[in-house]
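Trainee: Mind having a look at this structure? Questions to follow.
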Amino acid sequence: MSIVIMVGQLILGLSILVILHELGHFLAARAFGIKVEKFYLFFDAWNFSLFKFTYKGVEYGVGWLPLGGYVKIAGMIDESMDTDQLQGPPQPWEFRSKPAWQRLIVMLAGIIVNIILGIFIFWMLTLKYGETYTPVANAHYGVVPGKVGIKMGLEPGDQIYAVNGVPIKRFEDITNSTVFYDHSELDVLRGNQQLKFTVPKGILNDLSDGGIDQFVDRDPRSQYMVGPIVAGSNAQKAGLKQGDSILAVNDTPVPFFDQLQSQLLLNKNKAVKLSVKRNGALLQLTSNVTAEGTIGFQAMRNLPKQDTIKFGFFGSLPVGATKAWSTFTDDAKGLGKLFTGDVKFNKAVSGPVKIATMFGGQIDWLRFWSLVGILSMVLALTNLLPIPALDGGHSLFLLIEMIKGKPLSDKFLERAQLVGFVLLITLMVFVFGNDIFKLVMKH
């Protein structure tokens, strides 16, 4: 059932983005008196569609190939590669008959809609939920580094208090994307020592599979108690009860949750001795550890107190817009890293499988709309790329036409569109294949 929910959320999210993107092209074309022949969610390759109907001269439908969508604009070489109508003289209702500036607006309209959508989503999320964060002053026990952070030299309990000399006020700023893009210098307090660490250039490659938690855990280091026990688990068989405090594993103190996890992972498929405090009494229990390094209970973590800032209707707009713009600029920086070689292409791309797992197997509307907002900004940036089959490619050719004072030849545009479309299909196949490969290797 979780897979169905995961795929359903992916399809719903992408459908919203594609329909609104193409609606931008559609409305701009109609505003300039340009005839639109088709409006499709997904591609009706080889003229096969799952559903279609005609209304006021426009064919609306859902194609079978879920690689995006399109509007077929009369007098334009697009994804349909239909060039027959270009053989005759230009008609006043065709795309090619309109001034270059109008055609440029039509091409950019989908990108503009995606940007507006992203800002709107983050605006509404900020209005509803505000901004919740952990003041770094409340994170008394520091950070829990992942394997990438440990490789850098970080240790559990380190307190990262500044990035590039600027003091951190929110714990979440430690995992802000700018930390990774700018090879930042971290100021760290370890006991009474003040240390400095520099984020290495290749860190984005290392984080591509495991995520930000491989740098440091998103939550601060915390103490814990035994929570609900899984029925029939090793924890239940050992006699653990909700509310117990585990003091040590095999006589190794484990006051923090990450220490408990580490000790259990070190003893996978083994029996361990647990020193447990219950109602002031000290007990000695023995439990088997699974192959995954667990014994079967949910931990109740004593996380630091968080603060929430609430905003009014208009006050939340600049906050939401800033979040949307940060997503856009972060993605642009990521693309820059591809060209400089700091990030490998197969590490940077995420296909439908990876995106579906980000939505998750349960319905969480905050996460759903946050991801749709992020993907809307990603789609806007992607379509700005100067690849012939994308809006950015069409826009580039129109800018060249405006500079030259005359249009590029139809033959050139036709060939460029074909090359661009083949390139996009190749990239999509590679991305999907890379996604499947990662999934297989992970399991």
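The values are calculated or read from the model by the stated rules, or taken from the named source; none is laboratory data. All values reported here derive from a predicted model rather than from experimental measurement. Don't worry about glycine lacking a Cβ; one is built from the backbone with ideal geometry, like all the others, and counts go over all protein chains shown. We work out accessible area using only protein heavy atoms, side chains counted, and drop any ligands, DNA or RNA first. Shrake-Rupley method; radii C 1.70, N 1.55, O 1.52, S 1.80 Å.
Trainee: Amide H neighbours of A299 under 5 Å, at least 5 residues apart or on other chains, H built in the peptide plane: list them.
Mentor: Answer set, sorted by chain and number: G227.
Trainee: Calculate what fraction, in whole %, of the accessible area of segment 23-82 sits on carbon and sulfur atoms when a 1.4 Å probe is rolled over the protein chains.
Mentor: Whole-percent figure for carbon plus sulfur exposure: 64.
Trainee: Once label points are set 7 Å from the Cα along Cα→Cβ at both N288 and M124, what is their separation, rounded to one decimal in nm?
Mentor: With each label placed 7 Å out from Cα toward Cβ, I get 5.1 nm.
Trainee: For segment 187-314, with all protein chains present and a 1.4 Å probe, just round the carbon and sulfur fraction of the accessible area to a whole percent.
Mentor: Of all accessible area on segment 187-314, carbon and sulfur atoms account for 50 percent.
Trainee: Give me the number: length gained by fully extending I400 to Q91, i.e. 0.36 nm times residue separation minus the C-alpha to C-alpha distance, one decimal in nm.
Mentor: Full extension of this stretch gives 109.0 nm more.
Trainee: Further question: By its C-alpha gyration tensor, with a ≥ b ≥ c as the square roots of the eigenvalues, how is segment 21-63 shaped: rounded for a/c under 1.5, else prolate for a/b larger than b/c, else oblate?
Mentor: prolate
Trainee: If you don't mind, another one. Using all C-alpha to C-alpha distances in segment 242-327, build P(r) with 5 Å bins and read off the rounded percent in each one.
Mentor: Going out from 0 Å in 5 Å bins, segment 242-327 shows 3, 12, 17, 17, 10, 5, 5, 6, 9, 9, 6, 1 percent.
Trainee: Of the listed peptides 253-266, 380-393, what is their order by residue-averaged count of other C-beta atoms within 10 Å, with the highest listed first?
Mentor: For the peptides 253-266, 380-393, the packing ranking is 380-393, 253-266.
Trainee: Indicate the gyration tensor shape class of segment 96-228 (rounded, prolate or oblate), computed on the Cα atoms with a ≥ b ≥ c the square roots of the eigenvalues: a/c under 1.5 is rounded; otherwise a/b larger than b/c is prolate and the rest oblate. If you can, show how the numbers build up before the last one.
Mentor: Details: a/c = 2.72, a/b = 1.99, b/c = 1.37.
Prolate, since a/c reaches 1.5 and a/b exceeds b/c.
Trainee: Express the accessible area of segment 89-200 per residue in Å², computed with a 1.4 Å probe while the remaining protein chains stay in the model.
Mentor: 49
Trainee: Once each part is reduced to its C-alpha centroid, what is the distance from segment 371-409 to segment 1-74 in angstrom?
Mentor: Segment 371-409 and segment 1-74 have Cα centres separated by 19 Å.
Trainee: Between rounded, prolate and oblate, where does segment 1-131 land on the alpha carbon gyration tensor, with a ≥ b ≥ c its root eigenvalues, rounded for a/c under 1.5, else prolate if a/b exceeds b/c?
Mentor: Judged from the Cα gyration tensor, segment 1-131 comes out oblate (a/c at least 1.5, b/c at or above a/b).
Trainee: Compute the distance from the alpha-carbon center of segment 209-251 to that of segment 121-143, in whole Å.
Mentor: Between the Cα centre of segment 209-251 and that of segment 121-143, the gap is 24 Å.
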